[in-house]
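Q: Before I ask anything, let me first share the structure, which is written out below as structure tokens.
The values are calculated or read from the model by the stated rules, or taken from the named source; none is laboratory data. On a predicted model such as this, the values are computed, not experimentally measured, just so you know. With ideal geometry, Cβ positions are generated from the backbone for all residues, glycine too; neighbour counts draw on all protein chains shown.
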Amino acid sequence: MDSIIDIYKNSKNLHHAYLVEGDKSDLFVKLCDFLEKQVGVKTKGNPDFWHGEFDGFGIDQARMIQEMHLNKAFSDTEKIFVISTDFITHEAQNSLLKIFEEPTPKTHFFILTSSSEVYLPTLKSRMVVISRKTVGDLESGDRKTAEEFLKTSQAKRISMFVEVIEEKNKQKAIEFLNALEVVFREKVNMKKISPEHILVFEQIIKCRSYLNDRSPSVKMLLEHICLFVPVL
């Protein structure tokens, strides 16, 4: 939440969609406080503020949101949707993607979740993703590896992961991709993010998702990242 608050203080604008990772109950309290005090949106007794908690978020719930977001706002202020869930189907995500690609004016979505791993890269690319792990939370070794990786030529990068590949250590590979996503986000200007940068985030997220499969090819996925991510 701190990242959202800092960005809003500088720009005075809300993005149309956020994916926030952490303790959902705690995040909701902080989000309401932010909306009330910083944005000026009432979170109680306000028909333009909606919050739904779901054990599982499926296509029926997504269609309900789609219909609700098209309804005209009761006031002239922002219309806020908050979705709290730990499980969301691919069909529901694709339905939300259509909304996020063409959001109605002054409509903003906040998805609160314990883990962002289950979300599709295409959907995440349309949202501001606030990860549980920030730059300050990174292990010093993980941060150093990610920073060195971004400076190293694409041809030489794979030599950094010889041990990880030999051991087929997918956990270390996932930890590296976590750090790379955070450090890459730090180094690019998120206010002027380019389509090329979005593709990089998509590939990092997609490869990390594949690493969570039962028998991923650690070597192939790391080689792909080495070649795809630009030198900064």
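Q: Against the definition (at pLDDT 90 or above and farther than 14 Å from CYS226 by Cβ), how does GLU196 come out, yes or no?
A: Details: at pLDDT 90 or above: no; farther than 14 Å from CYS226 by Cβ: yes.
No; evaluated as a whole, the condition is false for this residue.
Q: OK, next. Given the conditions (1) at pLDDT 85 or above; (2) surrounded by 13 or more Cβ atoms within 10 Å (Cβ to Cβ), report the number of the one that ARG185 does not fulfil.
A: Condition not satisfied by ARG185: (1).
Q: Among the helices (runs of 4 or more DSSP H) contained in the range 21-132, which hold 2 or more residues that are over 26 Å from LEU199 (Cβ atoms) and modelled with pLDDT of 85 or more? Full working, then the answer.
A: Working: elements: 24-34, 59-70, 90-101, 121-124.
Output list reads 24-34, 59-70.
Q: Related question: Would you check which residues across the range 69-100 are closer than 23 Å to PRO121 by Cβ and charged (D, E, K, R) and list them?
A: Across the range 69-100, the qualifying residues are ASP86, GLU91, LYS98.
Q: Related question: Are any of the residues in the range 65-73 touching a strand residue (DSSP E or B) at 6+ places or on another chain (Cβ under 6 Å) and not small (Gly, Ala, Ser)?
A: Scanning the range 65-73 turns up at least one residue that is touching a strand residue (DSSP E or B) at 6+ places or on another chain (Cβ under 6 Å) and not small (Gly, Ala, Ser).
Q: I've got another one for you. Counting only residues that are closer than 15 Å to LEU19 by Cβ and surrounded by fewer than 18 Cβ atoms within 10 Å (Cβ to Cβ), how many does the range 102-115 have?
A: In the first step, residues of the range 102-115 are kept if they are closer than 15 Å to LEU19 by Cβ; the result is 103, 108-115.
The next check asks that each one be surrounded by fewer than 18 Cβ atoms within 10 Å (Cβ to Cβ); those that pass are 103, 114-115.
Residues flagged as closer than 15 Å to LEU19 by Cβ and surrounded by fewer than 18 Cβ atoms within 10 Å (Cβ to Cβ) within the range 102-115 amount to 3.
Q: Name the residue, out of LYS219, LYS156, that is free of Cβ contacts under 8 Å to residues at least 24 places away in the same chain, surrounded by fewer than 20 Cβ atoms within 10 Å (Cβ to Cβ), farther than 20 Å from SER115 by Cα and over 22 Å from the mean Cα position of the chain (by Cα).
A: Working: LYS219 fails: free of Cβ contacts under 8 Å to residues at least 24 places away in the same chain.
So the residue among LYS219, LYS156 that is free of Cβ contacts under 8 Å to residues at least 24 places away in the same chain, surrounded by fewer than 20 Cβ atoms within 10 Å (Cβ to Cβ), farther than 20 Å from SER115 by Cα and over 22 Å from the mean Cα position of the chain (by Cα) is LYS156.
Q: Determine, yes or no, whether LEU180 is touching a residue at least 40 places away in the same chain (Cβ under 8 Å) and either crowded, with 18+ Cβ neighbours inside 10 Å or assigned to a loop (DSSP other than H, G, I, E, B) (or both). Give the steps one after another, and end with the answer.
A: Numbers: touching a residue at least 40 places away in the same chain (Cβ under 8 Å): yes; either crowded, with 18+ Cβ neighbours inside 10 Å or assigned to a loop (DSSP other than H, G, I, E, B) (or both): yes.
For LEU180, the condition - touching a residue at least 40 places away in the same chain (Cβ under 8 Å) and either crowded, with 18+ Cβ neighbours inside 10 Å or assigned to a loop (DSSP other than H, G, I, E, B) (or both) - is met.
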